[in-house]
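The values are calculated or read from the model by the stated rules, or taken from the named source; none is laboratory data. Because the structure is predicted, anything quoted here is derived from the model rather than measured. All Cβ positions, even for glycine, are placed from backbone atoms using ideal geometry, and neighbour counts span all protein chains on display.
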Amino acid sequence: MTIDQIMLTSAVIPVLVIDDAATAKPLAEALVAGGLKVLEVTMRTPAALDAIREMKQVPGAIVGAGTVVNTDQFEQVMEAGAEFIVSPGLTERLARPIVDSGVPFLPGIANAGDIMRGLDLGLTHFKFFPAETSGGLKALKSLAAPFYQCKFCPTGGITEATAPEWLAFDPVLCVGGSWVTGGTMAEVEAKARAAAGLRA
């Protein structure tokens, strides 16, 4: 799959911080059952790599690694089976080997310089992060105007209430959010179903 196809799979990409790998598979099952197939496991905890391996066992799940900040982590998540890579920022040192590998890559950007660096690397799809504290939708609309060829996944501070406004902006293919992950598995599935319906 291309990063474009991945971003168009679901309106919301759950941003997952997994502390216990034993919870990963049931969580993935609930999210996929609710219609959210693309899952971003952040590299913020020691359990992240095992969580990726566990979630990969769920039929229909497209499991990627988020908060990848260096090439060592890139190698680790690829060995764990990550199907796409998300980073909070964009450096050539990290981006070059990912781009050369052909794995779908969604690097974080917050300004025009970041986007231009990405374009130089042949990238056109970006995570706008942190979305709300970087100026919100107004800022993204200003950035998107000169970079008409680019598509975005805003992440950071987006809620169920604000997601529809972001998704209504054409260059936004999906949003990243953590609001779908709390509660029982039945509640997670219900939240996922509601989130999946945001782009009807």
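Figures for the structure shown
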quantity: Every pair of residues 6+ apart whose Cβ atoms lie under 9 Å, when the first sits in segment 32-60 and is free of Cβ contacts under 8 Å to residues at least 24 places away in the same chain while the second is surrounded by fewer than 23 Cβ atoms within 10 Å (Cβ to Cβ) and outside any helix (DSSP H, G or I); calculated: Pro46/Asp19
quantity: Strands (runs of 3 or more DSSP E) lying entirely in segment 88-200 (those with 1 or more residues that are without any contact (Cβ under 8 Å) to a residue 40 or more places away in the chain); calculated: 105-109, 125-128, 151-154
quantity: Given (1) out of contact with any strand residue (DSSP E or B) (no Cβ under 9 Å at 6 or more places or on another chain); (2) touching a residue at least 24 places away in the same chain (Cβ under 8 Å), index of the condition Met7 fails; calculated: (1)
quantity: From Ala48, Ala22, Ala30, residue being over 12 Å from the mean Cα position of the chain (by Cα) and surrounded by fewer than 22 Cβ atoms within 10 Å (Cβ to Cβ); calculated: Ala22
quantity: Evaluation of Leu167 against (1) in contact with a strand residue (DSSP E or B) (Cβ under 8 Å, 6 or more places away or on another chain); (2) surrounded by fewer than 18 Cβ atoms within 10 Å (Cβ to Cβ) (one fails), failing number; calculated: (2)
quantity: Whichever residue in segment 119-134 is within 19 Å of Pro104 (Cβ to Cβ) and touching a strand residue (DSSP E or B) at 6+ places or on another chain (Cβ under 6 Å) and, among such residues, is surrounded by the most Cβ atoms within 10 Å (Cβ to Cβ); calculated: Phe128
quantity: Filter result (closer than 20 Å to Asp114 by Cβ and aliphatic (A, V, I, L, M)) within segment 72-101; calculated: Ile85, Val86, Leu90, Leu94, Ala95, Ile98, Val99
quantity: Residues (within 16 Å of the chain's Cα centre (by Cα) and assigned to a loop (DSSP other than H, G, I, E, B)) located in segment 69-80; calculated: Val69
quantity: Residue in segment 144-164 that is under 22 Å from Ala48 (Cβ atoms), modelled with pLDDT of 95 or more, in contact with a His (Cβ under 9 Å, 6 or more places away or on another chain) and not charged (D, E, K, R) present; calculated: yes
quantity: Qualifying residues in segment 53-68 (those that are touching a Lys or Arg at 6+ places or on another chain (Cβ under 7 Å) and outside any loop (DSSP other than H, G, I, E, B)) - the one surrounded by the most Cβ atoms within 10 Å (Cβ to Cβ); calculated: Met55
